[in-house]
Amino acid sequence: MTTASDVLSAVQSAFPGAVLESRVESDRRLWATIDSNSIVDVCKHLSEKLNFDHYSGAAGVDWIARKEMEVVEIMASHGAHQVVAMLKSKTPRENPSVKSLANLFWNANWYEREIWEMFGINFEGHPGLYPLLLGDELVGVWPWRKDFKGYPDLTTGQRAVERPTSEGYTEYFIPPTPAEIEAGTVPKEKPKYPSFREREEKEIKSDSEMIMHMGPQHAMLPGPFLLDILIEGERVHKAFLDMGYIHKGIEKIMENRTWLQGLTYTDRMCYVASLSNNECYCGAIEKILGLEVPLRAQYIRVILEELSRIQSHLIGTGEFMTLIAGVGYAPWNFMIIDRESIISLIESVTGARLTHTFVRFGGVRNDLPEGFSDKCRSALKYIESRTKEYIELFEQDPIYHMRMENVGVLSPDRAKRVGISGPPLRATGVAYDMRKEDPILVYPDLDFKVVTGTRGDSADRIDVRLREILESIHIIEQCLDRIPAGPIKTETKVPKKIPAGEAYYRVEDPRGEMGMYVISDGGDKPYRVKVRGPVYATLQTLPPLLEGVYIADAVAIAGSMDGCPSEADR
Amino acid sequence: MGISDVIPVPVAVDEEISKWTIFGQPVADVWFTTTEKIHQIIEMGPIKNIFNWGRKNSVYFLMQPMGCCGVEMFVFGAAPYDCTRFGCMPRNTPRQTDVMIISGYITRKYLPVIKNLWEQMVEPKWCVAIGECAISGGPFYDSYNIIQNTADYFPIDVFVPGCPPRPEQFLEALMNLQEKIKQRKDKRGY
């Protein structure tokens, strides 16, 4: 079994002098600062020789006191080993620039675009540094830098100046804040780049092609994002995706809240998976503190996270049914009715339907109520029978199969390469699940199998979700049998100021791999929280997947991905 | 314009008819008049109440999830809470809707979009702000990308606090809106 120290020694022997600093946190985590000139070579070596075939994301950090910026590349493997390598490369704060990995890993594109628009770190050799989340007017002010003067901004709405465009649409111009003007941080020269509209119009090659907008408000979309498809007749030639319509700047806000206050924001990143998000944030902080979570609290967490997974899959599948079957409103209504029984179960423990803030550092907020176990078992029995019915229904319906089979097929290799995770990846047959891969809490003791598909098409993605519900029910039943009595919080008092340190923690969100990279500088607020969400990767995969399909299939493919733009935009 | 100008009747009849009134308006004006005049009369008379009765019982809302409240809006529109019994239904295009539910944070980038959606809706239309974010920015009030004063851009009739509000509160908001329409106390004055 490859461990982190094996990887470190392999890199050190292959590139003498390239590793400037290194820390082996555990068998599964490697932290290394790599010489910024050789970062591309090291990453190439890792992916080709050492099985690091999963480029998981990148984070930018602004070290204003040290006058330098850092780009942290997160590298992992699809099951060959469990090591996650966090490779940092440093660059001076004046004209920051690092080498791009976008030519090496396809999915590095979006992560680097995000870092560029938020920190102003230039990526040499990147195919197109365009803003992704921010509106045009905010590009060039680099909002996630520590010296950004536009935060807090309490007058955004009052400053908005309405102006009609030549096409008759309403547009708004929001001038910079007085603080920004006074500090002189308003950029005099904005970066030059073609707008989203110009970029997509450049792709029109003949008169018979046109662009069709799906969004930002569209029946298909679970939240606002813009999917533009370039069509000729019934065929989609190319797809373009624009997001950031609900970019709230959660990562910036969390830097300005205390550690515990930050927890409420994790709820609101993806509101149907808020317990997993809580778990991810708390887990990272527990790792920094070295806290041991009591066994009972671990079981409670697992029970609730799996319940949350069930309700998320139900709403995701239900939404998808409304999309492919116009009048197929019935399955949606049935699934929402089933979901309500789970929601009321979660509500009886946490007191909230969606935004729980339930998981706490070193435990949970409160114990399970009396009689929870019986109520849970009866509800699960009902859900189990219903889910089996749905699976049977989908299996037997010939129209559904004709509509969904071999639509939006991802091959295992391609799915790995594009960095997708969760049910869409497992539908291709790759058994990649954080609960097995990077086990947390009591998951190693539990008996469950990773559900996989065979074809990797839209039908399989739905099938995997439904069968995962059954697997989750199995997990919860085991937990209910085994849950011990005892405390639900650690004995150790959690300090207000978290000691300096950093941690990367991964959980299996209902939608895929969710990771949080938390840095503390010893203060009462996080220095930086980077969220590596699963939907970001899913949405990035969507445009190439839509090339060459029919327009009607575009909806079936996008719906089967179960994207949640709120989490992607953050 | 009198009736004698159009139909050859004795002037005496014309004079007699010009004395007749309906809701304080000369009858002749109602007979030979423009749509605006008819609207004016509808405004004054009890016919408006019948109109508003119909409007209040068919408030279709725009399915436009924006945040956590959007998920509760899904549930509110589905079977468990069954908003259809109040004549309220989710619709997917702004051209078929009467009510816009602002169900989350409005960002800089989304403000023009949502304004366009609002402008695409046909009259009569109403607006409901659901959740803290739609009222004041909620937990994201100090972000660089969030609009705090939604009420300056949209004539919001009902504000529903909560983060997110329960689907029952959606129902209450809807019934408040219906009561407002019935009493002609809504912002746009239908």
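Give just the number: which of (1) under 22 Å from A:G262 (Cα atoms); (2) of a type in the set (G, A, S); (3) assigned to a helix (DSSP H, G or I) does A:A352 not satisfy?
(3)
Condition test on A:L230, is it closer than 25 Å to A:R309 by Cβ and either at the interface with another protein chain (Cβ under 9 Å from one of its Cβ atoms) or open to solvent by less than 10 Å² (accessible area, probe 1.4 Å) (or both)?
no
Restricting to the range A:233-249, what's the tally of residues that are surrounded by 17 or more Cβ atoms within 10 Å (Cβ to Cβ) and in a loop (DSSP other than H, G, I, E, B)?
7
It is to be established whether one or more residues within the range A:274-287 are out of contact with any strand residue (DSSP E or B) (no Cβ under 6 Å at 6 or more places or on another chain), surrounded by fewer than 23 Cβ atoms within 10 Å (Cβ to Cβ) and within 11 Å of chain B (Cβ to nearest Cβ).
no
Within the range A:328-342, does at least one residue satisfy the condition of being open to solvent by less than 20 Å² (accessible area, probe 1.4 Å), in a loop (DSSP other than H, G, I, E, B), within 14 Å of chain B (Cβ to nearest Cβ) and not β-branched (V, I, T)?
yes
Taking the range A:144-172 as the search range and keeping residues that are over 27 Å from A:A239 (Cα atoms) and without any contact (Cβ under 8 Å) to a residue 12 or more places away in the chain, which one is surrounded by the most Cβ atoms within 10 Å (Cβ to Cβ)?
A:G157
Residues are listed down the side, and each one gets a yes or a no for (1) without any contact (Cβ under 8 Å) to a residue 40 or more places away in the chain; (2) within 7 Å of another protein chain (Cβ to nearest Cβ):
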site	(1), (2)
B:V75	no, yes
B:A78	yes, yes
B:D98	no, no
B:I101	no, no
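Cβ-Cβ below 6 Å, separation at least six or inter-chain, first residue in the range B:140-152 and within 7 Å of chain A (Cβ to nearest Cβ), second assigned to a helix (DSSP H, G or I) and open to solvent by 30 Å² or more (accessible area, probe 1.4 Å): which pairs?
Pairs found: B:Q148/B:S136.
Given the condition of a type in the set (D, E), within 23 Å of B:S143 (Cα to Cα), touching a helix residue (DSSP H, G or I) at 6+ places or on another chain (Cβ under 8 Å) and outside the structural domain of A:E319 (by TED's automatic domain parsing), answer yes or no: does some residue in the range A:216-228 qualify?
Looking through the range A:216-228, none of the residues is of a type in the set (D, E), within 23 Å of B:S143 (Cα to Cα), touching a helix residue (DSSP H, G or I) at 6+ places or on another chain (Cβ under 8 Å) and outside the structural domain of A:E319 (by TED's automatic domain parsing).
What number of residues within the range A:233-265 satisfy the criterion of being touching a helix residue (DSSP H, G or I) at 6+ places or on another chain (Cβ under 9 Å) and within 11 Å of chain B (Cβ to nearest Cβ)?
18
From the set of residues in the range A:173-223 that are β-branched (V, I, T) and in contact with a strand residue (DSSP E or B) (Cβ under 8 Å, 6 or more places away or on another chain), which is least open to solvent (accessible area, probe 1.4 Å)?
Looking at the filtered set, the residue picked out is A:I174.
Name the single residue, out of those in the range A:60-106 being out of contact with any strand residue (DSSP E or B) (no Cβ under 6 Å at 6 or more places or on another chain) and under 19 Å from A:P534 (Cβ atoms), that is most open to solvent (accessible area, probe 1.4 Å).
Taking the candidates together, the pick is A:W106.
The values are calculated or read from the model by the stated rules, or taken from the named source; none is laboratory data. Note that this is a predicted model, so its numbers are computed, not measured. Cβ sites come from the backbone with ideal geometry, for glycine too, and all protein chains shown count toward neighbours. Keep in mind that these areas ignore ligands, DNA and RNA; they rest on the heavy atoms of the full protein, side chains included. Shrake-Rupley method; radii C 1.70, N 1.55, O 1.52, S 1.80 Å.
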